[in-house]
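Every number in this text was worked out from the coordinates using simple rules, so none of it is lab data. This structure is a prediction, so every number in the text was calculated from the model and none was measured. For neighbour counting, all protein chains shown are included, and Cβ atoms are generated from backbone atoms with ideal geometry for every residue, glycine included.
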Amino acid sequence: MLLVIPKVMNFVPKPIILGHELSGSVIQIHPESNNRDLLDKRVVVEPGVYCNECEQCLNGRRNICSNIKGLGLHFDGGMAEYVKFNVDYIHKSPQNYPLM
Ligand SMILES: [Zn+2]
């Protein structure tokens, strides 16, 4: 059972797939992406999507973006068999690390 506190987390859409920390393997990349080297690699995903426009982002502090949106909080997260996500937030992990 999941308890979402209504007055604190009223931004969470329902239903939603949870999961903000994940790793996996890339099985498909958009044909126009420049990050083709991620294909078939083990990766980790940055869970926060940043605006790149606020003062914090412009000063290189994306982790405290004023408009940050969280994987598994503002939109479906990683507790799914497949996740579609912006390639800019996907990073190669050591290939011998186990997947979470
Ligand atoms: Zn920002």
GLU53: within 16 Å of the ligand (Cβ to nearest atom), acidic (Asp, Glu), out of contact with any Pro (no Cβ under 8 Å at 6 or more places or on another chain) and not in a strand (DSSP E or B), yes or no?
yes
If you scan the stretch 8-28, which residues turn out to be in contact (Cβ under 8 Å) with a residue 60 or more places away in the chain and not β-branched (Val, Ile, Thr)?
MET9, PHE11, PRO13, LEU18, GLY19, GLU21, LEU22, SER23, GLY24, SER25
Of the listed residues (GLY72, GLY48), the one being within 10 Å of the chain's Cα centre (by Cα) and near the ligand (Cβ under 10 Å from one of its atoms) is GLY48
Residue pairs, Cβ under 7 Å, 6 or more apart or interchain, first in the stretch 48-60 and surrounded by 11 or more Cβ atoms within 10 Å (Cβ to Cβ), second among the hydroxyl-bearing types (Ser, Thr, Tyr). List them.
VAL49/TYR89; CYS54/SER66; GLN56/SER66; CYS57/TYR50
